[in-house]
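**Student:** Okay, here's the structure, questions in a sec.
Bear in mind these aren't lab numbers, they're just calculated from the coordinates by the rules spelled out. All figures in this text were calculated on a predicted structure; none of them were measured in a lab. Here the Cβ positions follow ideal geometry from the backbone for every residue, glycine too, while neighbour counts run over all protein chains shown.
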Amino acid sequence: MGSHERRELSGVRCWVVTVSDTRTEDTDESGRLIRERLAAAGHRVVGYRLVRDEPEQIREILEEIEGDQAAQAVILNGGTGISPRDVTCEAIAPFLTKEIPGFGELFRSLSFQEVGAFAMLSRALAGLMGRKLIFALPGSTGAVALAMDKLILPVLGHAAYELERHG
């Protein structure tokens, strides 16, 4: 591990956004799972929204989050596949100031162990939107649980600390 000291923030302030044409707040199991996992890990959900698979709606919520000085991270779920309605990645692209390619690579590698070659159809991604972390996950609850438990929660506090420390 070397001598790099790992420090982290607790209570990272997060937005959760579900992108779906079919889900409602009552049926949004993936959005609920993200909020529950964040709270259980000691982080704070400062906003939640459900938007349709429409680039304009995704961009509008990202503009709102971008201007939210309290927010430190945003986790989106849904719209990262290959169907014509999956537009989350395209809507996020103009907001990304830095990509974190390892997130998508690791997500697909871990997902491959569970679903085989279908993992390559996921376009899960992560990066920075200015000084905010941004994660885009598939909409399935299995994919969300995998991303939260194995990738996001283990590093969220440290990544937020690094962004605050160098801010």
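**Student:** Taking only complete DSSP H runs, can you tell me which helices of the chain stretch 20 Å or more along their own long axis by Cα positions and average at least 0.0 on the Kyte-Doolittle scale? Write down the numbers at each step before the final one.
**Tutor:** On the way: long enough: 101-115 (21 Å, 0.08).
Going by DSSP H runs, the hits are 101-115.
**Student:** Using the charge dipole of the chain (Lys, Arg: +1 at Cβ; Asp, Glu: -1 at Cβ; taken about the Cα centre), state which of LEU110, MET120, GLN57 has its Cα farthest towards the positive end.
**Tutor:** LEU110
**Student:** Next question. Given the C-alpha atoms of the chain, compute the convex hull and give its volume per residue in Å³. Don't skip to the answer; put the middle values down first.
**Tutor:** Values: hull volume 18.7 nm³, N = 167.
Hull volume normalised by residue count: 112 Å³.
**Student:** Any chance you could check the Cα centroid distance between segment 128-161 and segment 18-88 for me, in angstrom?
**Tutor:** Measuring centre to centre over Cα atoms gives 12 Å.
**Student:** What ranking of VAL46, VAL16 emerges when the number of other C-beta atoms within 10 Å of each C-beta is taken as an exposure proxy, fewest first?
**Tutor:** On the way: VAL46 17, VAL16 23.
The fewest-first ordering by Cβ neighbours comes to VAL46, VAL16.
**Student:** Applying a 10 Å radius around every beta-carbon, put 131-144, 112-125, 25-38 in order of their mean neighbour count, most first.
**Tutor:** Working: 131-144: 22.1, 112-125: 15.0, 25-38: 17.9.
By packing density, highest mean first, the sequence is 131-144, 25-38, 112-125.
**Student:** With springs connecting C-alpha atoms under 10 Å apart, model the chain as a Gaussian network and identify which of THR88, THR97, THR80 has the largest mean-square fluctuation.
**Tutor:** THR97
**Student:** Quick one: which residues, 5 or more positions from ASN77 or on another chain, have an amide H under 5 Å from its amide H? H modelled 1.01 Å from N in the peptide plane, none for Pro or chain starts.
**Tutor:** VAL17, THR18, VAL19, LEU137
**Student:** Full-extension gain between LYS150 and ALA93, please, as 0.36 nm times their residue separation minus the C-alpha to C-alpha distance. Don't skip to the end; give the middle numbers.
**Tutor:** On the way: separation 57, 0.36 × 57 = 20.52 nm, distance 2.42 nm.
In short, 18.1 nm is gained.
**Student:** If one puts a single equal scatterer on every Cα of segment 1-58 and applies the Debye formula without solvent, what log₁₀ I(q)/I(0) results at q = 0.19 Å⁻¹?
**Tutor:** -0.72
**Student:** Considering the alpha-carbon set of segment 108-167 alone, what are its Rg and its Dmax in angstrom?
**Tutor:** When restricted to Cα atoms, segment 108-167 yields Rg and Dmax of 13.1, 40 Å.
**Student:** Here's a follow-up. With an 8 Å Cα cut-off and a minimum separation of 6 or more residues, compute the relative contact order for the chain in percent. Intermediate values should be presented prior to the final figure.
**Tutor:** Values: 298 pairs, mean separation 47.0, N = 167.
Relative contact order, the chain: 28 percent.
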